[in-house]
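Notes follow once the structure below has been shown.
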Amino acid sequence: MNAKIRIDKPSDQEVIVFRRSPIHGLGGFASQRIEKEVRMIEYLGEKINKSESLRRCEANNEFIFRLNETEDLDGNVAWNPARWINHSCAPNCEAELDDDRIWIVALRNIEPNEEITFNYGYDLEDYQQYPCWCGSPQCVGFIVAEEFFEHLRQQRPYQWPADKYGQTP
Ligand SMILES: [Zn+2]
(Lines give C-alpha, C1' and ligand atoms only; values in the text may rest on other atoms or scores of the structure.)
Protein backbone atom coordinates (compact mmCIF):
# COMPACT_ATOMS: atom_id res chain seq x y z
CA MET A 1 0.00 0.00 0.00
CA ASN A 2 1.22 3.49 -0.73
CA ALA A 3 0.88 6.06 2.01
CA LYS A 4 -1.27 8.81 0.62
CA ILE A 5 -3.07 11.19 2.91
CA ARG A 6 -6.69 10.15 3.26
CA ILE A 7 -9.47 12.65 2.99
CA ASP A 8 -12.83 11.70 4.37
CA LYS A 9 -15.97 12.52 2.45
CA PRO A 10 -17.06 16.16 2.79
CA SER A 11 -19.91 15.76 5.26
CA ASP A 12 -22.34 13.30 6.79
CA GLN A 13 -24.21 13.55 3.54
CA GLU A 14 -23.97 10.52 1.29
CA VAL A 15 -21.83 11.34 -1.71
CA ILE A 16 -23.11 8.37 -3.72
CA VAL A 17 -26.66 7.70 -4.81
CA PHE A 18 -27.67 4.34 -6.25
CA ARG A 19 -29.84 4.06 -9.30
CA ARG A 20 -30.12 2.24 -12.60
CA SER A 21 -26.82 2.22 -14.50
CA PRO A 22 -26.10 2.17 -18.25
CA ILE A 23 -23.23 -0.23 -17.46
CA HIS A 24 -25.09 -2.91 -15.54
CA GLY A 25 -28.00 -3.18 -13.11
CA LEU A 26 -27.80 -0.66 -10.32
CA GLY A 27 -24.81 1.64 -10.10
CA GLY A 28 -23.47 4.33 -7.80
CA PHE A 29 -23.44 7.95 -8.93
CA ALA A 30 -21.79 11.04 -7.43
CA SER A 31 -24.40 13.24 -5.75
CA GLN A 32 -22.00 16.18 -5.73
CA ARG A 33 -18.56 17.18 -6.90
CA ILE A 34 -15.95 14.92 -5.31
CA GLU A 35 -12.29 15.80 -4.87
CA LYS A 36 -9.55 13.37 -5.78
CA GLU A 37 -8.57 11.02 -2.90
CA VAL A 38 -11.86 11.41 -1.04
CA ARG A 39 -13.16 8.23 0.53
CA MET A 40 -16.52 7.83 -1.15
CA ILE A 41 -17.92 4.91 0.78
CA GLU A 42 -16.76 1.97 2.83
CA TYR A 43 -17.04 -1.44 1.22
CA LEU A 44 -18.71 -3.35 4.04
CA GLY A 45 -19.18 -7.05 4.51
CA GLU A 46 -18.82 -10.14 6.56
CA LYS A 47 -15.35 -11.10 7.76
CA ILE A 48 -14.67 -14.74 6.98
CA ASN A 49 -11.67 -17.03 7.32
CA LYS A 50 -9.74 -18.33 4.33
CA SER A 51 -11.41 -21.73 4.14
CA GLU A 52 -14.88 -20.18 4.22
CA SER A 53 -13.69 -17.65 1.64
CA LEU A 54 -12.50 -20.44 -0.65
CA ARG A 55 -15.82 -22.23 -0.26
CA ARG A 56 -17.74 -19.07 -1.19
CA CYS A 57 -15.44 -18.26 -4.11
CA GLU A 58 -16.01 -21.74 -5.47
CA ALA A 59 -19.75 -21.02 -5.19
CA ASN A 60 -19.12 -18.06 -7.52
CA ASN A 61 -19.36 -15.31 -4.96
CA GLU A 62 -17.84 -12.33 -6.78
CA PHE A 63 -17.78 -9.92 -3.85
CA ILE A 64 -14.88 -11.28 -1.81
CA PHE A 65 -11.89 -9.10 -0.97
CA ARG A 66 -8.65 -10.14 0.65
CA LEU A 67 -8.24 -8.37 4.02
CA ASN A 68 -5.12 -9.94 5.53
CA GLU A 69 -3.30 -13.26 5.97
CA THR A 70 -6.16 -14.93 7.78
CA GLU A 71 -9.35 -13.13 6.79
CA ASP A 72 -11.29 -12.03 3.74
CA LEU A 73 -14.37 -9.84 3.43
CA ASP A 74 -17.57 -11.01 1.76
CA GLY A 75 -19.32 -7.90 0.47
CA ASN A 76 -22.38 -9.77 -0.74
CA VAL A 77 -24.55 -8.59 2.15
CA ALA A 78 -27.60 -6.33 2.24
CA TRP A 79 -25.86 -3.71 4.39
CA ASN A 80 -23.15 -3.11 1.78
CA PRO A 81 -24.56 -0.71 -0.86
CA ALA A 82 -21.04 -0.41 -2.32
CA ARG A 83 -21.58 -3.87 -3.83
CA TRP A 84 -23.70 -2.13 -6.49
CA ILE A 85 -20.77 -0.04 -7.74
CA ASN A 86 -19.81 -1.19 -11.22
CA HIS A 87 -16.44 -2.22 -12.61
CA SER A 88 -14.79 -0.13 -15.31
CA CYS A 89 -11.63 -0.55 -17.38
CA ALA A 90 -11.10 3.22 -16.90
CA PRO A 91 -12.38 3.70 -13.36
CA ASN A 92 -12.65 6.96 -11.43
CA CYS A 93 -12.18 5.23 -8.06
CA GLU A 94 -10.17 2.41 -6.58
CA ALA A 95 -10.71 0.01 -3.72
CA GLU A 96 -8.13 0.59 -1.02
CA LEU A 97 -7.36 -1.56 1.96
CA ASP A 98 -6.52 0.29 5.17
CA ASP A 99 -6.25 -1.47 8.51
CA ASP A 100 -8.56 -4.33 7.46
CA ARG A 101 -11.21 -1.98 6.09
CA ILE A 102 -11.91 -1.36 2.41
CA TRP A 103 -12.70 2.08 1.06
CA ILE A 104 -13.76 3.21 -2.38
CA VAL A 105 -11.49 6.20 -2.98
CA ALA A 106 -11.64 8.79 -5.79
CA LEU A 107 -8.71 8.51 -8.21
CA ARG A 108 -9.47 11.94 -9.65
CA ASN A 109 -11.97 14.76 -9.27
CA ILE A 110 -15.47 13.50 -10.05
CA GLU A 111 -18.36 15.59 -11.32
CA PRO A 112 -21.94 15.35 -10.05
CA ASN A 113 -23.90 12.49 -11.68
CA GLU A 114 -20.77 10.69 -12.93
CA GLU A 115 -21.05 6.98 -12.39
CA ILE A 116 -18.68 5.74 -9.70
CA THR A 117 -16.55 2.81 -10.83
CA PHE A 118 -13.53 0.86 -9.71
CA ASN A 119 -11.56 -2.04 -11.12
CA TYR A 120 -12.78 -5.26 -9.48
CA GLY A 121 -9.29 -6.72 -9.79
CA TYR A 122 -10.41 -10.14 -11.02
CA ASP A 123 -7.79 -12.59 -12.21
CA LEU A 124 -7.89 -14.40 -15.56
CA GLU A 125 -9.63 -17.52 -14.30
CA ASP A 126 -12.83 -17.94 -16.32
CA TYR A 127 -12.58 -14.31 -17.37
CA GLN A 128 -14.83 -14.93 -20.37
CA GLN A 129 -17.72 -15.37 -17.96
CA TYR A 130 -17.33 -11.74 -16.93
CA PRO A 131 -17.82 -9.47 -19.94
CA CYS A 132 -17.31 -5.78 -19.31
CA TRP A 133 -19.84 -3.23 -20.49
CA CYS A 134 -18.07 -0.15 -19.15
CA GLY A 135 -18.08 1.52 -22.57
CA SER A 136 -14.77 3.30 -22.08
CA PRO A 137 -12.47 3.57 -25.11
CA GLN A 138 -9.88 1.54 -23.18
CA CYS A 139 -12.32 -1.30 -22.46
CA VAL A 140 -10.66 -4.70 -22.79
CA GLY A 141 -14.03 -6.44 -23.01
CA PHE A 142 -13.83 -8.40 -19.78
CA ILE A 143 -13.65 -7.67 -16.07
CA VAL A 144 -10.01 -8.23 -15.12
CA ALA A 145 -7.34 -6.45 -13.09
CA GLU A 146 -5.33 -3.85 -14.96
CA GLU A 147 -2.24 -6.05 -14.90
CA PHE A 148 -4.02 -8.41 -17.34
CA PHE A 149 -5.17 -5.76 -19.84
CA GLU A 150 -2.19 -6.31 -22.13
CA HIS A 151 -2.76 -10.06 -22.09
CA LEU A 152 -6.38 -9.63 -23.21
CA ARG A 153 -5.44 -7.13 -25.90
CA GLN A 154 -3.16 -9.78 -27.38
CA GLN A 155 -5.98 -12.31 -27.64
CA ARG A 156 -7.37 -13.18 -31.03
CA PRO A 157 -9.92 -10.66 -32.30
CA TYR A 158 -12.88 -13.02 -32.19
CA GLN A 159 -12.66 -12.94 -28.43
CA TRP A 160 -13.01 -9.19 -28.49
CA PRO A 161 -16.65 -8.17 -28.12
CA ALA A 162 -16.58 -6.12 -31.28
CA ASP A 163 -20.36 -6.21 -31.57
CA LYS A 164 -20.55 -3.86 -28.65
CA TYR A 165 -18.41 -1.10 -30.03
CA GLY A 166 -18.04 -1.97 -33.71
CA GLN A 167 -14.28 -1.93 -33.49
CA THR A 168 -11.29 -4.00 -32.56
CA PRO A 169 -8.55 -2.82 -30.22
ZN1 LIG B 1 -14.54 -2.29 -19.73
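The values are calculated or read from the model by the stated rules, or taken from the named source; none is laboratory data. Remember, it's a predicted structure, so these values are computed and weren't measured experimentally. Note that each Cβ is placed from the backbone with ideal geometry, even for glycine, and that neighbours are counted across all protein chains shown.
For Gly27, the test of being under 28 Å from Gln155 (Cα atoms) and within 16 Å of the ligand (Cβ to nearest atom) is failed.
Residue by residue, here is whether (1) among the acidic types (Asp, Glu); (2) closer than 19 Å to Arg19 by Cβ; (3) modelled with pLDDT under 95; (4) loosely packed, with under 15 Cβ neighbours inside 10 Å holds:
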{"position": "Ala82", "(1), (2), (3), (4)": "no, yes, no, no"}
{"position": "Cys93", "(1), (2), (3), (4)": "no, yes, no, no"}
{"position": "Tyr122", "(1), (2), (3), (4)": "no, no, yes, no"}
{"position": "Asp126", "(1), (2), (3), (4)": "yes, no, yes, yes"}
{"position": "Val144", "(1), (2), (3), (4)": "no, no, no, no"}
{"position": "Glu147", "(1), (2), (3), (4)": "yes, no, no, yes"}
{"position": "Lys164", "(1), (2), (3), (4)": "no, no, yes, yes"}
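Scanning the stretch 70-102 for residues that are within 22 Å of Glu147 (Cα to Cα) and either free of Cβ contacts under 8 Å to residues at least 12 places away in the same chain or over 11 Å from the mean Cα position of the chain (by Cα) (or both) yields Asp72, Leu97, Asp98, Ile102.
So which residues in the stretch 23-35 are within 26 Å of Phe142 (Cα to Cα) and assigned to a loop (DSSP other than H, G, I, E, B), if there are any at all?
Ile23, His24, Gly25
Does Ile23 fit the bill of being under 17 Å from the mean Cα position of the chain (by Cα) and at pLDDT below 95? The answer is yes for Ile23.
Given the structure, is Arg108 within 22 Å of Val15 (Cα to Cα) and touching a residue at least 60 places away in the same chain (Cβ under 8 Å)? Answer is yes for this residue. Contact map, the stretch 115-144: residues that are near the ligand (Cβ under 10 Å from one of its atoms) paired with residues that are among the β-branched types (Val, Ile, Thr) and not in a loop (DSSP other than H, G, I, E, B), Cβ distance under 7 Å, separation 6+ or inter-chain. Pairs shown: Cys134/Thr117.
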